[in-house]
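First the structure, in the form of structure tokens, and then the observations on it.
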Amino acid sequence: MRPRLSLLAALGILAIGAGCTTDGSRQNSQLRVRTDFPGGSAQVEQLSEESKTIQLTPTLHPGRGWDAWWYFKLEGVKPGETITLDVGKGIWATPDQAMFSYDNVTWQHTSPGKRQKDRIVYQHTVEKTPVWFAWGPPFVLSDAERLIDNICARSPYATRFVLAKSKDGHTIPALKLYDPSVPASEKLGIWVEARQHAWESGSSWVGKGFIEWVISDDPQAKALRQMADIYFVPIMDVDNVQRGAGGKNATPHDQNRDWSDSPHYPEVAAAQEHIRELNRIGRFDLFVDLHNPAPNDKRPFYFVTVAEYLSAQGAKNLKDFFLCSKEAINGPLPLLDKARESGPEYDKAWDKISKNWVTKHTAGHVVAITLETSWNTPQSTQEGYQTVGRQLGEAIAKYFTEPRR
């Protein structure tokens, strides 16, 4: 008769001695690397109990985008012990500083790691247990749900809605903020979304900072709420976020190359439908897509549509919006002095990038941009990202409320 496996071993959480769990993590009888939760990712290559060293790469998800994201819970470590993380897979998976948390809620940077070719080695002395480590501050579907619940509880102007049901069957939560005291016919329309690339977790934190500022008592926020209906989606690529995959360059393409007449992803199709309808009734004015850029981009910047797509009014409005943003997004992650274009030289699918599709399919006055917030700096933290989000809100308010230059 075959021996029965323990429940923990069957779940891929624990292995006795040196071995592999069902999620691909190598384990021994003391240290345990767990990824059996939403967003979890770590392919353990080697684990040394003696030196407390874990050698790993992001979990492989063929066809699900870049192998850049890693996030795991470490059990079996004791306070006072120094953990060494040896992470591979190249520059996109190896930030200068990793992040750690003792409650899976508040995240801090480790000390800077030491690079060794395409790998990096971080060391962290654990103060208490358990401890989680990650590429950046995680933000998964439950965080999005919690954020929207919190906003709705705090603001009488907020209402949740379901953007779409994803291919994996996840409900994609979204939020609408509107002030019913102002006639609908007089309202502007603003659409802000994050996380079309699942590994870019910082973009969801930027979005959190933005939407929490919008419902605040700041006079600018109050003015913006009165003049605009604001739509917010904290996570677009929920499937890959929950899976712990990268999403960028997924098969057949990532979400931000899916904005065509026949989109592959239900959430993209749903966003297009909302935007088309708002534009049809003359109530669409601004589209902002939130991302994180390349590792060497140390300051946030905007990607904008190629000039040929813009009307004269659109070009002027884009310039005005950029000037407002330069004033507002001023640190600790200040906006770069110049925006970048994403046209044919940037990507062969450039016309299927969200902001380019929006520009082409909406009225000439509409501003459509991508905000890329740096992820590989000491300021790229939950607090730093949310500050950029708040400043983005201030920039939007300046653009719509202050006299044009």
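Below is a table of values for the structure above.
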{"read-out": "The chain: most fluctuating residue of A339, A228, A184 per GNM, C-alpha cutoff 10 Å", "value": "A184"}
{"read-out": "Gap separating the Cα centres of region 221-253 and region 334-405, nearest whole Å", "value": "14 Å"}
{"read-out": "Cut-off under 5 Å, modelled amide H: who pairs with E341 long-range", "value": "V304"}
{"read-out": "Formal net charge of residues neighbouring H274 (Cβ-Cβ distance under 12 Å; K, R +1; D, E -1)", "value": "-1"}
{"read-out": "Sequence-distant residues sharing a close amide H with A368 (under 5 Å, placed H)", "value": "F287"}
{"read-out": "Antiparallel %, DSSP beta bridges [both residues in the chain], to 5", "value": "65 percent"}
{"read-out": "Filter on K316/K355; K114/K338; K52/K208 - keep pairs with C-alpha separation over 26 Å", "value": "K114/K338; K52/K208"}
{"read-out": "Dipole magnitude of the chain, debye to nearest 20 (Cβ charges: Lys/Arg +1, Asp/Glu -1, about Cα centre)", "value": "200 debye"}
{"read-out": "Rg/Rh ratio calculated on Cα atoms of region 141-401 (Kirkwood radius)", "value": "0.92"}
{"read-out": "Relative pair counts by distance (%), Cα atoms of region 179-230, 5 Å bins", "value": "5, 18, 23, 20, 15, 10, 6, 2"}
{"read-out": "Residue-wise HN-Hα coupling along region 56-71, computed from phi with Karplus coefficients 6.51, -1.76, 1.60 (Hz; x: Gly, Pro)", "value": "8, 9, x, 4, 6, 10, x, x, 10, x, 4, 8, 10, 8, 9, 6"}
{"read-out": "If the convex hull is drawn through the Cα atoms of region 72-158, its volume per residue in Å³", "value": "116 Å³"}
{"read-out": "At 0.890 mPa s and 25 °C, Stokes diffusion of region 274-355 via Kirkwood alpha-carbon radius, µm² per second", "value": "170 µm²/s"}
{"read-out": "Average Cα contact separation per residue, the chain, under 8 Å, 6 or more apart, as relative contact order %", "value": "16 percent"}
{"read-out": "Nonlocal amide H pairs with Q43, under 5 Å, H built at 1.01 Å", "value": "T57, T59"}
{"read-out": "Point-to-point label distance, K165-E383, nm (Cα→Cβ direction, 7 Å offset)", "value": "4.3 nm"}
{"read-out": "Backbone HN-Hα couplings from phi across region 304-311 [Karplus 6.51/-1.76/1.60, Hz, Gly and Pro as x]", "value": "10, 6, 4, 4, 5, 6, 8, 6"}
{"read-out": "Whole-Hz ³J(HN,Hα) from phi, Karplus 6.51 cos²θ - 1.76 cosθ + 1.60, for region 172-189, glycine and proline x", "value": "9, x, 9, 9, 10, 10, 8, 9, x, 6, 9, x, 4, 5, 9, 8, 7, x"}
{"read-out": "Sites D218 and H253, calculated FRET efficiency, Cβ-Cβ separation with R0 60 Å, nearest 0.05", "value": "0.95"}
{"read-out": "Estimated D of region 286-405 in µm² per second, where Rh is the Kirkwood radius over Cα pairs and Stokes-Einstein applies at 10 °C, 1.306 mPa s", "value": "109 µm²/s"}
{"read-out": "Size of region 314-371 as Cα extents on the principal axes (Å, biggest first)", "value": "33, 24, 14"}
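Read-outs throughout are calculated quantities, based only on the coordinates presented, and are distinct from any laboratory measurement. Given the structure is predicted, the values throughout are model-derived calculations rather than measurements. Heads up, the Cβs are rebuilt from the backbone with ideal geometry, glycines too, and the neighbour counts pull from every protein chain shown.
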